[in-house]
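The values are calculated or read from the model by the stated rules, or taken from the named source; none is laboratory data. Worth saying up front: this structure is predicted, and the values here are computed from it rather than measured. Because the Cβ atoms are built from the backbone with ideal geometry, glycine has one as well, and the counts that use them run over all protein chains shown. With ligands, DNA and RNA removed, areas are computed over all heavy atoms of the protein, side chains included. Shrake-Rupley method; radii C 1.70, N 1.55, O 1.52, S 1.80 Å.
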Amino acid sequence: MLSAAQTIEILAEFPPSAPGAHLLWEAVVDIAEREDLGAGPRGARGIVPILGGQFRGGPGMGGDQADFHGVVEAGGADRQLLRPDGAKELDALYEMRVADGALLTIRNRVIIDETVEGPRYAMSRIEVTAPQGRWDWLNRRLIVGTLQGLRPRHAAVLIRGWLLTIG
């Protein structure tokens, strides 16, 4: 086991490098009304059907990636859990079809905490399953997301996916 002095020496030798992030995509996802699924052992359950939508690539998706845009397919759903501590967990599974025809499966796990003062906390981890080919690099990246409701203006949510980068 390292001593405290050895640990400090190692930490000084390897200074922290904060990860960076750039906007990978923005999606406006049309949703139906929430359907109540009743109480479960972890809290109140619900489901929100995904009706479709549109997405476009962020500024970092230029060059040969410029056609990273397309539609959000209808048929997905967002399973919701309102926990006893007031936080809400969302687990959405849906597909995005890129303009070139590639079909990306998106799993977006969101935690929302509105129990504290200040801005609404709604952050997620997004997993992409892409077919082999042009977009398969998305399978090997860590993507975090933000979520904003668009009601009453539109029955939709705005999802932004942020690609985490090293240093």
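The figures follow:
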item: Residue match in segment 98-113 (condition: among the aliphatic types (A, V, I, L, M), open to solvent by 70 Å² or more (accessible area, probe 1.4 Å) and more than 16 Å from the chain's Cα centre (by Cα)); result: no
item: Verdict on Asp100 being acidic (Asp, Glu) and touching a residue at least 24 places away in the same chain (Cβ under 8 Å); result: yes
item: Residue within segment 61-82 that is in contact (Cβ under 8 Å) with a residue 60 or more places away in the chain and of a type in the set (Gly, Ala, Ser) present; result: no
item: Segments classed as strands (runs of 3 or more DSSP E), wholly inside segment 5-121, with at least 1 members that are over 22 Å from Arg151 (Cα atoms); result: 20-31, 35-40, 43-57, 69-72, 88-98, 103-113
item: Leading residue by the ranking (farthest from Leu23 (Cα to Cα)) among those in segment 129-167 that are at pLDDT 95 or above and in contact with a Ser or Thr (Cβ under 7 Å, 6 or more places away or on another chain); result: Thr129
